[in-house]
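Engineer: I'd like to ask some things about the structure below.
The values are calculated or read from the model by the stated rules, or taken from the named source; none is laboratory data. Just so it is clear, the model here is predicted, and its values are computed rather than measured. All Cβ positions, glycine included, derive from the backbone under ideal geometry; neighbour counts span all protein chains shown.
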Amino acid sequence: MKRILLVAGFLVLAAQLPLWGYDSSPSHIQIIPEVIWAAATGGGTWVTELQITNLSSFEIHVGLRFDTAAGSGGTILIGPIAAANSVKYSNILDTMDALDGSGWVYYGNVGGLVVCETSLTGLIQVQAKTVNGNYGKTFPGLNVVAGNTAAEGRPVIIQDIVRSSAYRTSVGVYNSNDTEFTADFWVIDAAGETVGSSFSKTIPAYGFLSFNPFTQAGITSGTYENCLLYVEVSSGSSASYGLMLYGSLANNYSNDTCALLAKQYGSAPSLLPPPFRR
């Protein structure tokens, strides 16, 4: 069977049990915030390589679901993966496309990838590498826990965003929950001041979107370095699940790219950027 429908626990991430000891511990479910299979600016094709390691003492199967701004592909089953073994796919979206008989289009898309051990009793670690020829970046599989997500009362930042003649920045947001979230964004300079205007985005359940934060803030010219993006969820659950965010810093000449993962900001009023000092 090419298209597999898995247990409800796979479709509702909030139902997973928090069995890990640390944010980066093995888990039943992990998410890669960005996977892609699409033509690259300047030539070539971006593809995402995926490695899955079974850290269980028994054989497992794994379900995959690709969530994009245009919707979600089918839930795809792969395996078996023997205990303590790893499997690797050179282009995971191409693999999923071949297994999904629904006709859903994987090529030309970018989004978040949910990786789930189907019995919800086994443990996995997941690692992704996105490449175009000799250039690329890596993303770890992220557990759906507070330390890896933004929610109400839990702001995050993406550091080292840049707008210059040499570099451009894009940001991706993946909603790991079945509840709609609204988030507010501020570009903050090295002195802690807001650059341009703040802006808001609404991300539907299991939705994905990407954008240039400088453009969204109304900054279309000039050089801005040593900046960060501050993100505060204004509507959505404050549970462990929430928004997963990342940045991608690309060279305008070579198109080589770097990954920028979001980090927790904290909520001490004296540390907040000028718009939030109470």
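Engineer: Within the stretch 191-220, track down each residue that is part of a loop (DSSP other than H, G, I, E, B), modelled with pLDDT of 95 or more and farther than 19 Å from ALA262 by Cβ.
Structural biologist: Scanning the stretch 191-220 gives GLY218, ILE219.
Engineer: Give all pairs with beta carbons closer than 8 Å in which a residue from the stretch 105-132 that is under 19 Å from ILE81 (Cα atoms) meets a residue that is of a type in the set (Lys, Arg) and crowded, with 20+ Cβ neighbours inside 10 Å; count only pairs at least 6 apart in sequence or on separate chains.
Structural biologist: Qualifying pairs under 8 Å: LEU113/ARG65; VAL114/ARG65; CYS116/ARG65.
Engineer: Under 16 Å from HIS28 (Cβ atoms), of a type in the set (D, E, K, R) and without any contact (Cβ under 8 Å) to a residue 40 or more places away in the chain, is that true of GLU59? Don't jump to the end; show me each part of the working.
Structural biologist: Numbers: under 16 Å from HIS28 (Cβ atoms): yes; of a type in the set (D, E, K, R): yes; without any contact (Cβ under 8 Å) to a residue 40 or more places away in the chain: yes.
Yes: the conditions hold for GLU59.
Engineer: Something else: Taking the stated definitions as given, is THR169 polar (S, T, N, Q), closer than 16 Å to PHE66 by Cα and in a strand (DSSP E or B)?
Structural biologist: So THR169 does not fit the description; no.
Engineer: Has the stretch 55-65 got any residue that is farther than 15 Å from ALA128 by Cβ, among the small types (Gly, Ala, Ser), in a strand (DSSP E or B) and touching a helix residue (DSSP H, G or I) at 6+ places or on another chain (Cβ under 8 Å)?
Structural biologist: yes
Engineer: Where residues in the stretch 170-208 are of a type in the set (D, E, K, R) and free of Cβ contacts under 8 Å to residues at least 40 places away in the same chain, which of them is surrounded by the most Cβ atoms within 10 Å (Cβ to Cβ)?
Structural biologist: LYS201
Engineer: Can you tell me which residue is farthest from ASP184 (Cα to Cα) among those in the stretch 239-265 that are in a loop (DSSP other than H, G, I, E, B) and within 14 Å of the chain's Cα centre (by Cα)? Spell out the reasoning first.
Structural biologist: Initially, the stretch 239-265 is screened for residues in a loop (DSSP other than H, G, I, E, B), giving 239-242, 252-256, 262, 265.
Within this subset, residues satisfying the condition of being within 14 Å of the chain's Cα centre (by Cα) are 241-242, 262.
Working: TYR241: 18, GLY242: 14, ALA262: 15 Å.
The extreme case among them is TYR241.
Engineer: Return yes when PHE58 is in contact with a Ser or Thr (Cβ under 7 Å, 6 or more places away or on another chain) and modelled with pLDDT of 95 or more and no when it is not. Before the answer, list the steps.
Structural biologist: Numbers: in contact with a Ser or Thr (Cβ under 7 Å, 6 or more places away or on another chain): no; modelled with pLDDT of 95 or more: yes.
So PHE58 fails the test.
Engineer: Moving on to the next point. Tell me the residue from ALA15, ALA8 that is over 27 Å from GLY136 (Cα atoms), in contact with a helix residue (DSSP H, G or I) (Cβ under 6 Å, 6 or more places away or on another chain), modelled with pLDDT under 95 and of a type in the set (A, V, I, L, M, F, W, C), please.
Structural biologist: Within the list ALA15, ALA8, the selection yields ALA15.
Engineer: Could you grab me the full set of residues in the stretch 221-238 that are in contact with a Phe, Trp or Tyr (Cβ under 6 Å, 6 or more places away or on another chain) and in a loop (DSSP other than H, G, I, E, B)?
Structural biologist: If the condition is that a residue be in contact with a Phe, Trp or Tyr (Cβ under 6 Å, 6 or more places away or on another chain) and in a loop (DSSP other than H, G, I, E, B), then GLY236 is the only one that fits.
Engineer: Considering each of TYR167, TYR106, TYR135, TYR89 in turn, give the residue that is surrounded by 16 or more Cβ atoms within 10 Å (Cβ to Cβ), of a type outside the set (Lys, Arg), at negative phi and in contact with a Gly (Cβ under 8 Å, 6 or more places away or on another chain).
Structural biologist: Testing whether each residue is surrounded by 16 or more Cβ atoms within 10 Å (Cβ to Cβ), of a type outside the set (Lys, Arg), at negative phi and in contact with a Gly (Cβ under 8 Å, 6 or more places away or on another chain) leaves just TYR106.
Engineer: Which of the residues belonging to the stretch 71-96 are without any contact (Cβ under 8 Å) to a residue 40 or more places away in the chain and not aliphatic (A, V, I, L, M)?
Structural biologist: Passing the criteria: GLY71, GLY73, GLY79, PRO80, ASN85, SER86, LYS88, THR95.
Engineer: Here is a follow-up. Which of the numbered conditions does TYR107 fail, given that it passes all the others? Conditions: (1) closer than 21 Å to GLY141 by Cα; (2) at pLDDT 95 or above.
Structural biologist: Condition not satisfied by TYR107: (1).
Engineer: Going through the stretch 34-66 one residue at a time, which ones are under 21 Å from SER119 (Cα atoms), within 17 Å of the chain's Cα centre (by Cα) and crowded, with 19+ Cβ neighbours inside 10 Å?
Structural biologist: Scanning the stretch 34-66 gives LEU50, ILE52, LEU64, ARG65, PHE66.
Engineer: Right, here's the next one. For the stretch 211-225, state whether one or more residues are acidic (Asp, Glu) and free of Cβ contacts under 8 Å to residues at least 40 places away in the same chain.
Structural biologist: No; the residues of the stretch 211-225 include none that is acidic (Asp, Glu) and free of Cβ contacts under 8 Å to residues at least 40 places away in the same chain.
Engineer: For the stretch 74-153, which fully contained strands (runs of 3 or more DSSP E) count at least 2 residues that are in contact with a helix residue (DSSP H, G or I) (Cβ under 8 Å, 6 or more places away or on another chain) and closer than 18 Å to SER176 by Cα?
Structural biologist: Hits in the stretch 74-153: 109-117.
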